[in-house]
Structures are given as C-alpha cells and as structure tokens.
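The values are calculated or read from the model by the stated rules, or taken from the named source; none is laboratory data. None of the values given here were measured: they were computed from a predicted structure. Cβ placement follows ideal geometry from the backbone for every residue including glycine, while neighbour counts extend to all protein chains displayed.
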Amino acid sequence: MPQYLCIEFANDFLLKFRLLSSPITQLWVERMQSRSEYPLDHPDRFYNFDLQEQEIVRAESMICQYIDTINTHSKIIDRKFTSAHDQDMLNYLHNIFEKYHGMLDQQDHKFWQSAPEPVRRALADLNLCVHRCESVSGVAGPRFVCTWFGMPKTKRLPVEQLAEHATLHVKFGTVYLNYVEIGKTLLELATDNDQYIADEMFRPFDFYSADFNVKFYNSTHADLQHKLDLIHTYFERNQDFFRQHGFDSVAHPRLQPLNFPVAELVTDLTDQEITQALAQRQNITKVYLT
C-alpha cells in the first residue's frame, strides 16, 4: 500500500501527506488507484486563500457567467442574481442544478439530455459556484478540493462501521473524503433554511470516490458546538421527516457532521508559510500516491 499522497502546485511547489492507517484510507486508496482514466476537474478549486472581498467578486462573477451560459440553451433561471450573501438566491440556484442535472449518476432530465457540452458543464459548475458563494460569504477557512470529472460514484461508505475512525473536528493540513452526493446533508439543511429542496434531495454521506478536500485551518469548540446545536434544533423540528427516512435520533452517525480523514500533512513549514505559498499558487498540476 502507498505511504504518501503527493500534490504538486504551480511553480514546482510540492506538499506530501502521510496516509493514515485506517479502513477509511484503505477504501479511498482503492478509488484513487482507479482514477487514472479520468481528468482532474477544476485544478484551481481553491477557497478562501485570498481576501474575502476578492473571493466574493470572483464567486459572483463566475456564477453570473454560468447562469448566462445555461440560459442560452433554455431560460430555466428566471431570477436575476443578487449576491453571494443571499442564501435564498443560492438555495434557488442549487434547486435548479438538482432539478435539471439529475441525481447522482442519473442525468436523465430532458434539459440535460438535449444541452450541448458547454451548457452541461455550466450547469454542473453552477452547483460548485453556489457552494463557493456559501463558503466565501461564511466563516469557513482555506481549503482546496480535488475531484475527477466523470468518475462514477458507485461505492458506498459503511459510515456506521467507520464512525470511530471519523472526527467532528477539522485539523490543519488534513485530507478528508469529499462529499459526492447531489443533495444536502442534515447540517446543510439546518444551515441553509432551504425552501426549494425536494424531500428526496436530503442525502446523508453515503457514496464516496477518489474525491477529497484538504483543509488549512483548525476548527474550534465554538464552531463545532454551533453546528451541533443547528442540527439538533432542525432535527427536533422535523422529526417526522427524518423518521420516514429511517432516522430516529440525531445521534445517528449519518446525521452527524463527520469528517473522514485519510492523510495528514508532513512538512517543516509553518501554517502561515503554507497558506501564503498556496495563496500564490492556486492551481494543482499533479496528484499521485507513492
């Protein structure tokens, strides 16, 4: 089994991450070793390494561009974009993505089937940009995300059995499995107050892939407690809904805001030196295991 995840960035900058000894890592490594035929999707998918004002301008410019591209095929977005701070607008756009893109690996809507490739990509990217807006207008710290375009999401994570290897906390320089579902977790439902989402779009962490994210901040006890309070309140207000989906308690592992770590950064640089280096090199050139 490999020992390290290596990521190369622009200007020959390299970061190495030691793989953890856990069943989660073993499952993820198998997916990583099956990704070679798929291209790295959006190698510049970095969040919150720049000033917030810069991040907001970038996110809003991107999302307006995607809306214009989508509407050239068919005007399915009939609201004028407002701002990255307008959560109701973001919920509306996320619902557009869910409705016209389709469920995970089930792109069968007639809009998707008839759309040319640039419009399909814009619709897929609309989802990413909604989350970019939510990220840059909130309190999330720096991170980047690696996904592989077109790689099937067919493997299910046995969350109940692996919960002891997961964590509620975030640690600087740690690699985590990325959420690959189309839909929202309990935490996202509780945070977004989404009035548009269909019931079937409640999607706890289930499928996984080679996709991962690397966070460059440490969570605090206050951050975690705020999340736990949010999901507890939302669950209590919607108990019938969650019981219909097989969840009798908010303590169920699939409802908790768990993170699934697979590797940790190995470096002599300080945290500040790393974030500064990445801020100047927001583009990934190569990802591999050794």
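Observations on the structure shown:
- Helices (runs of 4 or more DSSP H) within the stretch 117-206 that include 1 or more residues within 17 Å of the chain's Cα centre (by Cα), modelled with pLDDT of 95 or more and in the same structural domain as ARG254 (by TED's automatic domain parsing): 186-192
- Enumeration of residues in the stretch 192-205 that are touching a strand residue (DSSP E or B) at 6+ places or on another chain (Cβ under 9 Å) and buried (at least 17 other Cβ atoms within 10 Å of the Cβ): ASP192, ASP194, ILE197, MET201, PHE202, ARG203, PHE205
- MET89 free of Cβ contacts under 8 Å to residues at least 24 places away in the same chain and closer than 28 Å to PRO204 by Cα: yes
- Across the stretch 33-66, the number of residues qualifying as assigned to a loop (DSSP other than H, G, I, E, B) and more than 20 Å from the chain's Cα centre (by Cα) comes to 5.
- Test: GLN87 is more than 13 Å from ILE182 (Cα to Cα), out of contact with any Gly (no Cβ under 9 Å at 6 or more places or on another chain) and either in the same structural domain as ASN259 (by TED's automatic domain parsing) or at pLDDT below 90 (or both): no
- Here GLN256 passes the criteria (1) exposed (fewer than 14 other Cβ atoms within 10 Å of the Cβ); (2) under 18 Å from the mean Cα position of the chain (by Cα) except the one numbered (1).
- Matching residues, the stretch 234-290, being within 21 Å of LEU162 (Cα to Cα) and outside any loop (DSSP other than H, G, I, E, B): ASN259, PRO261, VAL262, ALA263, GLU264
- Hits in the stretch 1-32 (condition: outside any helix (DSSP H, G or I) and at pLDDT below 95): MET1
- Selected residue (criterion: surrounded by the most Cβ atoms within 10 Å (Cβ to Cβ)) from residues of the stretch 78-116 that are within 23 Å of the chain's Cα centre (by Cα), among the hydrophobic types (A, V, I, L, M, F, W, C) and assigned to a loop (DSSP other than H, G, I, E, B): ALA84
- Flag if ASN213 is over 21 Å from PRO158 (Cα atoms) and polar (S, T, N, Q): no
- Here the condition is being surrounded by fewer than 15 Cβ atoms within 10 Å (Cβ to Cβ), hydrophobic (A, V, I, L, M, F, W, C) and over 19 Å from GLN276 (Cα atoms); of VAL29, VAL57, it holds for VAL57 alone.
- Breaking point among (1) under 18 Å from the mean Cα position of the chain (by Cα); (2) farther than 27 Å from PHE207 by Cα, for THR69: (1)
Yes/no per residue for (1) assigned by TED's automatic domain parsing to the domain that holds PRO204; (2) among the aliphatic types (A, V, I, L, M); (3) at pLDDT below 95; (4) touching a Lys or Arg at 6+ places or on another chain (Cβ under 7 Å):
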{"site": "ILE63", "(1), (2), (3), (4)": "no, yes, no, no"}
{"site": "THR69", "(1), (2), (3), (4)": "no, no, no, no"}
{"site": "ILE76", "(1), (2), (3), (4)": "no, yes, no, no"}
{"site": "PHE81", "(1), (2), (3), (4)": "no, no, no, no"}
{"site": "LEU93", "(1), (2), (3), (4)": "no, yes, no, no"}
{"site": "LYS99", "(1), (2), (3), (4)": "no, no, yes, no"}
{"site": "GLY102", "(1), (2), (3), (4)": "no, no, yes, no"}
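- Residues of the stretch 41-53 satisfying the condition of being at pLDDT 95 or above and not charged (D, E, K, R): PRO43, PHE46, TYR47, ASN48, PHE49
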